[in-house]
Structures are given as C-alpha cells and as structure tokens.
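Reviewing the structure listed below.
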Amino acid sequence: MAIYLDSAIVSEAEIASRMGWVKGITTNPTLLAKSDNPPETTLKKLTQLTCGPVFYQLMSSDFEGMLTEGRKAFEIIGKQTVLKIPATPIGFAVVASLSPEITCSVTAIYSAAQAAVAREAGAKMAIAYVNRATRLLGDGIALVRDMASVLTGSNTEILAASIKSPQEAAASLQAGAHHLTLPLSMLQDMATHEFSDKTVEEFAKNGIGLKM
C-alpha cells in the first residue's frame with residue numbers, strides 16, 4: 001500500500017516530503033493550473049521532492065496527441081512517471097500502446113467493466129474517484145469493491161482518489177483499494193486523532209523518560 005499527496009503546489013510537496021511516509025505525488029490538469037509555475041517547471045520540482053512516482057494526466061484528446069504528450073511527460077519526469085490516462089475508448093488504446101514503455105494508470109473509472117478494460121490494456125493502476133462516485137452513482141465505496149472483485153489476481157491495482165474524510169479513506173482500503181491519494185489537509189487529518197493527543201498529554205504529565 002502507498003499513500004500519495006494529491007497536489008501540484010511545491011510548498012505542499014515539501015511538507016509531505018518531510019512527513020516521511022508519503023510515497024509519491026499525483027497531479028491533474030486542475031491542480032497544475034493552481035501552481036504559479038508552468039507545468040514543466042512544476043513537474044521537475046515535484047520530481048525532486050519524492051523518490052516515488054509522480055503522476056501526470058494527459059490533456060490531449062486524440063490518439064497521436066496523447067502518445068506525444070505522454071512521451072513528453074516521460075522526458076520531463078523520467079523513470080518516476082506514471083501517466084494518468086482517461087477511461088475513454090481512445091484512452092484505453094493509448095494505454096495499450098504506451099504501457100510497454102511507460103507506466104500507465106487509467107483515471108476517472110466509474111464501473112467495474114472499465115476496470116477490466118484497464119487491466120487488459122496493461123494499466124498498472126485503475127483510479128476511482130470515490131466521493132465523486134458517491135455523488136454521481138450513489139456509493140463510491142461499492143465501486144471500489146466491484147473494481148477489486150474484477151481485478152483480483154491481476155497486476156492492476158486500485159488507487160482511490162477524491163477522498164473527503166479519514167473514514168472514507170479507511171473504507172476505501174477496506175473495500176479493496178491498494179493505494180490512496182489525498183490533499184495535504186487530508187494527509188494531516190489521517191495522522192491525527194483527538195484521543196491520541198490526549199493520551200500523549202497524560203503520558204507527558206504523569207510519566208518519565210530519558211533526560212535530554
């Protein structure tokens with residue numbers, strides 16, 4: 001399992017890097033638009049802040065354009081590249097073409113059938129927008145569960161995105177997601193609990209340890 005930062009803001013990536021347990025960075029066109037730098041500069045900076053994967057989502061809509069854009073992203077990011085390719089007929093064809101040379105994921109999956117196609121196309125990851133699927137389909141956790149059933153025994157893993165609470169994050173993992181990607185605020189929320197803080201306060205008040 002891996003937990004990723006979902007952001008293209010360099011300052012947020014720096015904070016996530018210091019956490020020590022965040023294993024990579026996912027971006028998308030909307031997140032890149034929030035950066036003060038052009039995409040190429042942002043991607044280079046993000047790549048320097050993690051030893052793990054850096055995800056880039058293709059914006060082109062035609063087959064040849066997507067191939068060209070994917071290879072350009074690989075030139076910028078290098079071996080850490082994971083392409084995010086939309087779950088469309090053209091997108092699946094692009095995955096089948098690029099996956100032998102560049103790690104690919106399929107994003108915006110809303111059915112177990114699409115997850116099966118992603119597997120057959122050679123995708124390393126199938127990305128489910130959990131909270132958005134709950135709003136659109138009624139139950140994003142059920143979507144993850146259905147995808148997990150279809151992908152059992154394959155090399156395609158589930159990345160749960162669009163997570164709005166620690167409870168939804170845990171439920172996604174329990175339903176079969178292999179990985180999570182979360183904004184910085186959610187990463188911080190995942191690591192905290194009010195009772196943990198109170199317990200630490202009690203130890204500090206009543207306990208003793210090594211003198212520093």
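Here the stretch 163-212 was treated as a single set of alpha-carbon atoms; its pair distances binned every 10 Å from 0 give 21, 35, 22, 19, 3 percent.
Checked against a 31 Å cut-off, the cross-linked pairs Lys44/Lys198; Lys124/Lys198; Lys34/Lys79; Lys84/Lys164 give Cα-Cα distances beyond that limit for Lys44/Lys198; Lys124/Lys198. With r as the distance between the Cβ atoms of Asp62 and Ala33 and R0 = 22 Å, compute the FRET efficiency 1/(1 + (r/R0)^6) and round to 0.05. My answer for the efficiency is 0.55.
For the peptides 171-182, 92-103, 74-85, the ranking by packing is 171-182, 74-85, 92-103, with the highest mean count of neighbouring Cβ atoms within 10 Å listed first. Taking Asp189, Asp62, Asp197 in turn, the Gaussian network model of the chain (Cα-Cα springs below 10 Å) assigns the largest fluctuation to Asp197. Here the accessible area is traced with a 1.4 Å probe on the protein chains. For the chain, carbon and sulfur cover 54 percent of it.
In the stretch 50-157, the C-alpha radius of gyration followed by the widest Cα-Cα span (Dmax) gives 13.6, 40 angstrom.
By the Cα gyration tensor, the stretch 1-80 has an equivalent ellipsoid whose semi-axes, rounded to whole angstrom, run 22, 13, 11 from largest to smallest. Once the Cα-Cα distance is subtracted from the 0.36 nm per residue extended length, the Ser149 to Lys79 segment shows a gain of 22.2 nm.
The relative contact order of the chain, computed from alpha carbon pairs under 8 Å that lie at least 6 residues apart in sequence, is 16 percent. GNM, the chain, Cα, under 10 Å: largest mean-square fluctuation among Pro29, Pro166, Pro183? Taking springs between Cα atoms under 10 Å, the residue moving most is Pro29. Rolling a 1.4 angstrom probe over the protein heavy atoms with all chains in place gives the chain an accessible area of 52 Å² per residue.
Rounded to the nearest 500, the helix-only mean residue ellipticity at 222 nm of the chain stands at -15000 deg cm²/dmol, with each DSSP H run of n ≥ 4 adding -39,500 (n - 2.57). The accessible area of Lys72, taken with all protein chains in place and a 1.4 Å probe, comes to roughly 120 Å².
Normalised by residue count, the chain yields a Cα convex hull volume of 148 Å³ per residue. Screening the chain for whole DSSP H helices of 20 Å or more along their axis (Cα) with average Kyte-Doolittle hydropathy at least 1.6 returns none. Computed over neighbours whose Cβ is under 14 Å from that of Ser97, the net charge equals -4, Lys and Arg +1, Asp and Glu -1.
Considering only Ser149, Ala116, Val22, and ranking their Cα positions along the charge dipole of the chain that arises from unit charges at the beta-carbon of Lys, Arg, Asp and Glu, the one farthest toward the positive end is Val22. Here Val200 and Arg132 are evaluated by their C-beta separation; at R0 = 41 Å the FRET efficiency comes out at 0.70.
The values are calculated or read from the model by the stated rules, or taken from the named source; none is laboratory data. Please read all numbers here as calculations on a predicted model, not as lab measurements. Here the Cβ is made from the backbone with ideal geometry for all residues, glycine too, and neighbour counts use every protein chain on show. Side chains included, ligands, DNA and RNA excluded: accessible areas come from the protein's heavy atoms. Shrake-Rupley method; radii C 1.70, N 1.55, O 1.52, S 1.80 Å.
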